[in-house]
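Read-outs: derived from the displayed coordinates by stated rules, not from any lab. These numbers come from a predicted model, not from an experiment. Every residue, glycine as well, gets a Cβ built from its backbone with ideal geometry; the counts of neighbours run over all protein chains shown.
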Amino acid sequence: MRFIGTAIEKLQRHPKRIVFPEGTEPRVLQAARQFYSLRLGVPILLGNRTKIKDISAELNISLEGIRIINPSESEELENFAKRFETMRRSKGLKLEEAQQAMLNPNYFGAMMMAMHQADGIVSGVKEVGAAVLRPFFQIIAPAPGIKTVSSCMIMEVQDSRYGEQGVFFLADCDVVPQPTVEQIANTAVLTAQLAKRLLGEKPRVALLSFSTKGSSTHPEAVKVQAATALASQIAYEKKIEAEFDGELQADVAIVPEVAKRELQNNLNSPVAGKANVLIFPDLNSGSISSRLIQHISKANAYGQILLGLNAPAADVAHGADAHEVLGVAAIVGVQAIEYKYLFPDAGKKLPGENS
């Protein structure tokens, strides 16, 4: 709770509007209630108004301060559909299809983001990943100059000796199955940027592998070496304050004693043994590792926070409870505060406008 407590305090000073497309989900209702009670801003629930009211009554959850929008009854429905048809016309989308899409709360919520009617969006508690990510990617799109959209999980473990007082940023755990060298490097830089804004400390980024510092010449290890070099170059060109090192095995990255033993007299790395950002070589390793860490260590897990989109968004895990949904919403809200620093040109054009 230390990390989330800091995020909540910051958001209380700069409240934001967060849209929750899964408005009838009990965990989302509970998180929205807490979001408003903590004075973090305005939660916006999407869905059937009567059903939301009935479920909240059953759970004894007050809807005071919570905004409810039923996409099918919204006065914005036609406008959103026309915008979406314009955006996807080159893909063959017809107006009737756009109108049908806008009845889907994830599409409607994504368009609210694109039209600046909300500051952040959180979905995924009930929907499968593709049903969440597809409308986000089609409507919100990548931020200007961003080639790779990926994700990160923020993990807070009980042992504060590791990471940044127990906090780790793990990426990519949700989006790119088999990333290229360039995609791994871009994910490393984007995660470092987010970590810097949220932690206030210099990110120490470890690009992970099954080998350490050339102990294997396998192409997958060489790929991580190349990604490390490219990430360092990109960060230097963008004047991003962060340290990068790889390839490193996981224990070499986070345990000082192991780093000292494995690297011996070559321990001049600002990252080895003290990494607070962990970059995985593929989605298999990222997804498996993050879930193991969360459940075996009983860590507080917040994600997936999407990286590189034109607006703050998150695809939360199916198993997330109300506390985790609240935590993700708070992080997305803080992201909204910091977005102009992360992506100076983000959100300046409306959907359908020419570049």
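Converting phi to 3J(HN,Hα) with the Karplus coefficients 6.51, -1.76 and 1.60 and the offset θ = phi - 60°, the range 65-72 yields x, 9, 8, 10, 10, 9, x, 5 Hz in sequence order, with x at every glycine or proline.
Structure remark: mean-square fluctuation, Gaussian network model of the chain, C-alpha springs under 10 Å; the largest value among H116, H218, H318 belongs to H218. When both bridge partners sit in the range 150-296, DSSP labels roughly 40% of those beta bridges antiparallel.
For the peptides 154-162, 241-249, the ranking by mean Cβ contacts within 10 Å, running from highest to lowest, is 241-249, 154-162. Between G23 and L46, the built amide H atoms are under 5 Å apart, and every one of these is 5 or more places off in sequence or on another chain.
With both residues required to sit in the chain, DSSP beta bridges show an antiparallel share near 40%.
For the chain, modelled as a GNM with alpha-carbon contacts under 10 angstrom, which of V258, V325, V149 fluctuates the most? Greatest mean-square fluctuation among the candidates belongs to V258. Distances between placed amide hydrogens fall under 5 Å for A313 paired with I121, L306, all partners being 5 or more residues away or on another chain. Checking every one of the trypsin sites (Lys or Arg not before Pro) in the range 1-107 against DSSP loop status and a limit of 11 other Cβ atoms within 10 Å picks out K94. Is the shape of the range 211-355 best called rounded, prolate or oblate, per the rule: a/c under 1.5 gives rounded, else a/b larger than b/c gives prolate, else oblate, with a ≥ b ≥ c the square roots of the Cα gyration tensor eigenvalues? Since a/c reaches 1.5 but b/c is at least a/b, the shape of the range 211-355 is classed as oblate. Cross-linked pairs K51/K126; K94/K126; K202/K239; K16/K202: Cα-Cα separations exceed 19 Å for K94/K126; K16/K202. Residue order for L309, L29, fewest other beta carbons within 10 angstrom first, comes to L29, L309. The per residue volume of the convex hull around the alpha-carbon atoms of the chain is 128 Å³. Between A57 and E201, the simple label model (points 7 Å from Cα in the Cβ direction) yields a spacing of 5.0 nm. Of T217, T228, T180, the residue with the greatest mean-square motion in the GNM of the chain, using alpha carbon springs below 10 Å, is T217.
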